[in-house]
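**Student:** Before I ask anything, here is the structure I am working with.
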Amino acid sequence: MQKKIIFFRNLGIQNYLEVVQKMNYFTVSRNIYTFDEIWLVEHYSIFTQGALTKKNHILKLSNIPIVNTDRGGKITYHGPGQQILYFLIDLIRRKMSIRQLINIMHNVIIATLNYFSIPAYTNKDMPGVYVHKKKICSLGLRIKKGSTLHGLALNINMNLKPFEYIHPCGDINIKMTQIQEFNKNITIKHVQDILITKLAKYLEVCMINYQYKNSIMY
């Protein structure tokens, strides 16, 4: 039954380090009876460096904090107006590989953008989702105890300027974009509703438990 239910939690805007700490605690504390969860959150402005980040990926220093994180990938920026989804998924119970989950994440984002008439696609050489040769969604995961942490970040209506201070995802050629550049009437709430619908479909969930709360307590 646990495979058919997912808890979606809308956390609003949160401090990055606090959410990562709670995400790690959730993962090490979970057991065979723990339902999978997907957290929807925005973060205050912050640069996060994955395990593969190099010093030359930072082009310009600013007053935006830079933190190291245990996810895969390289450096990226998070800020208000960017919808982050953290996937706390038991891969073993779902009999799913990490590659299968990444494919689902890609498909969900592409299907969501297509719903809003935004033509999106993947790049075989780099994870993430792109529109008109610009990156609109970044991915970064980690596996612990057979379960995933971290997830994806979809740019909706944010300040893209800080991306110019770094090589996003460690690639000098990547330029970033967001949904507002294609349709100014789409809000984060609109995107959340479609994301949840698409996630339920691709993860084959028959029951969704959706909770809106501004904090997580574990």
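**Student:** Quick one: would you say Tyr130 is surrounded by fewer than 19 Cβ atoms within 10 Å (Cβ to Cβ), touching a Phe, Trp or Tyr at 6+ places or on another chain (Cβ under 8 Å) and not charged (D, E, K, R)?
**Tutor:** When the stated conditions are applied, Tyr130 does not pass them.
**Student:** Within region 122-138, how many residues turn out to be aliphatic (A, V, I, L, M) and touching a Lys or Arg at 6+ places or on another chain (Cβ under 9 Å)?
**Tutor:** First, the residues of region 122-138 that are aliphatic (A, V, I, L, M): 126, 129, 131, 136.
Within this subset, residues satisfying the condition of being touching a Lys or Arg at 6+ places or on another chain (Cβ under 9 Å) are 126, 129.
Qualifying residue count, region 122-138: 2.
**Student:** Filter region 175-200 down to residues that are in contact with a strand residue (DSSP E or B) (Cβ under 8 Å, 6 or more places away or on another chain) and outside any helix (DSSP H, G or I) and give me whichever is surrounded by the fewest Cβ atoms within 10 Å (Cβ to Cβ).
**Tutor:** This residue is Lys175.
**Student:** Can you work out which of the residues in region 94-126 that are among the hydrophobic types (A, V, I, L, M, F, W, C), farther than 28 Å from Gly146 by Cα and touching a residue at least 60 places away in the same chain (Cβ under 8 Å) is surrounded by the most Cβ atoms within 10 Å (Cβ to Cβ)?
**Tutor:** Per the stated criteria, the residue is Leu113.
**Student:** If you don't mind, another one. Given (1) farther than 19 Å from Leu199 by Cα; (2) modelled with pLDDT of 95 or more; (3) buried (at least 20 other Cβ atoms within 10 Å of the Cβ); (4) not β-branched (Val, Ile, Thr), where does Asn155 come up short, assuming only one miss?
**Tutor:** Against the list (1) farther than 19 Å from Leu199 by Cα; (2) modelled with pLDDT of 95 or more; (3) buried (at least 20 other Cβ atoms within 10 Å of the Cβ); (4) not β-branched (Val, Ile, Thr), Asn155 comes up short only on (1).
**Student:** Further question: In region 87-104, which residues are in a loop (DSSP other than H, G, I, E, B), over 15 Å from the mean Cα position of the chain (by Cα) and of a type in the set (A, V, I, L, M)? Steps first, answer last, please.
**Tutor:** Start the filter on region 87-104 by keeping residues that are in a loop (DSSP other than H, G, I, E, B), which leaves 89, 95-97.
Retained after the next criterion (residues that are over 15 Å from the mean Cα position of the chain (by Cα)): 95-97.
The one that is in a loop (DSSP other than H, G, I, E, B), over 15 Å from the mean Cα position of the chain (by Cα) and of a type in the set (A, V, I, L, M): Met96.
**Student:** Sticking with this one: May I ask you to say which residue of Ile216, Ile172 is within 21 Å of Tyr44 (Cα to Cα), at pLDDT below 95 and assigned to a loop (DSSP other than H, G, I, E, B)?
**Tutor:** Result of the check over Ile216, Ile172: Ile216.
**Student:** Would you check if there is a residue in region 61-71 being under 14 Å from Gly140 (Cα atoms), under 13 Å from the mean Cα position of the chain (by Cα), assigned to a loop (DSSP other than H, G, I, E, B) and not hydrophobic (A, V, I, L, M, F, W, C)? Let's see the steps before the verdict.
**Tutor:** Filtering region 61-71 for residues under 14 Å from Gly140 (Cα atoms) gives 68-71.
Still in the running and under 13 Å from the mean Cα position of the chain (by Cα): 71.
If we keep only those that are assigned to a loop (DSSP other than H, G, I, E, B) as well, we get 71.
From the residues that got through so far, the ones that are not hydrophobic (A, V, I, L, M, F, W, C) too are 71.
Scanning region 61-71, I find at least one residue that is under 14 Å from Gly140 (Cα atoms), under 13 Å from the mean Cα position of the chain (by Cα), assigned to a loop (DSSP other than H, G, I, E, B) and not hydrophobic (A, V, I, L, M, F, W, C), so the answer is yes.
**Student:** Right, next: Tell me, please, whether a residue that is of a type in the set (Phe, Trp, Tyr) and farther than 20 Å from Ile58 by Cβ can be found in region 155-177.
**Tutor:** no
**Student:** Which of the residues spanning region 102-111 are in contact with a helix residue (DSSP H, G or I) (Cβ under 7 Å, 6 or more places away or on another chain) and under 16 Å from Asp36 (Cα atoms)?
**Tutor:** Result: Ile104, single match.
**Student:** Tell me yes or no: at least one residue of region 147-155 is over 24 Å from Asn185 (Cα atoms), among the small types (Gly, Ala, Ser) and part of a loop (DSSP other than H, G, I, E, B).
**Tutor:** Within region 147-155, not a single residue is over 24 Å from Asn185 (Cα atoms), among the small types (Gly, Ala, Ser) and part of a loop (DSSP other than H, G, I, E, B).
**Student:** Can you tell which of Lys133, Lys74 is modelled with pLDDT under 95 and touching a helix residue (DSSP H, G or I) at 6+ places or on another chain (Cβ under 7 Å)?
**Tutor:** Lys74
The values are calculated or read from the model by the stated rules, or taken from the named source; none is laboratory data. Owing to the predicted nature of the structure, the values given are computational and were not obtained by experimental measurement. Positions of Cβ are backbone-derived with ideal geometry, glycine not excepted, and every protein chain shown enters the neighbour counts.
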